[in-house]
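Structure, as structure tokens:
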Amino acid sequence: MRLVYLANNRIPSEKANSLQILPMCRAFLTQGAEVTLLVPRRMQPRVMRGVSDPFAYYGIAERFPIERVPCLDALEVAPARLQHPAFALQSATFTASLAANLV
């Protein structure tokens with residue numbers, strides 16, 4: 001079985017939801033699925049810029065493809081009052097890129 005896991009998250013990330021995503025992909029992989037993780041190509045915050053290997057960061061030995069899909073990303077530079085529109089723009093362009101890549 002081929003599984004494409006879509007996640008609108010930075011990988012790696014200091015946020016807990018990313019900590020859940022990679023172990024879930026690993027679990028599908030160990031059950032025999034061919035897993036590909038699709039995430040947006042986003043800027044990393046300063047605290048995460050030194051992390052080059054998400055598998056090592058999360059302590060996952062099994063490897064699977066992580067593909068970074070283009071999107072417009074202004075979340076790290078947008079002021080607080082523009083975070084909601086910046087997230088909506090990032091989500092919309094990520095979704096449009098997914099639609100173009102998955103068809």
Residues (open to solvent by less than 50 Å² (accessible area, probe 1.4 Å) and either in contact (Cβ under 8 Å) with a residue 60 or more places away in the chain or farther than 18 Å from Ala56 by Cβ (or both)) located in segment 10-34: Ala27, Ala33
Scan of segment 88-103 for residues that are of a type outside the set (S, T, N, Q) and farther than 18 Å from Pro12 by Cα, ordered by number: Ala88, Leu89, Ala92, Ala96, Leu98, Ala99, Ala100, Leu102, Val103
Count of segment 11-41 residues which are among the basic types (Lys, Arg) and closer than 11 Å to Ile66 by Cα: 1
Residue match in segment 61-79 (condition: open to solvent by less than 40 Å² (accessible area, probe 1.4 Å), β-branched (Val, Ile, Thr) and more than 13 Å from Arg10 (Cα to Cα)): no
Qualifying residue in segment 80-99 (condition: touching a Phe, Trp or Tyr at 6+ places or on another chain (Cβ under 9 Å), open to solvent by less than 30 Å² (accessible area, probe 1.4 Å) and among the hydroxyl-bearing types (Ser, Thr, Tyr)): no
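The values are calculated or read from the model by the stated rules, or taken from the named source; none is laboratory data. All values derive from a computational prediction rather than experimental measurement. So basically every Cβ, Gly included, is an ideal-geometry build from the backbone, and we count neighbours across all protein chains shown. We work out accessible area using only protein heavy atoms, side chains counted, and drop any ligands, DNA or RNA first. Shrake-Rupley method; radii C 1.70, N 1.55, O 1.52, S 1.80 Å.
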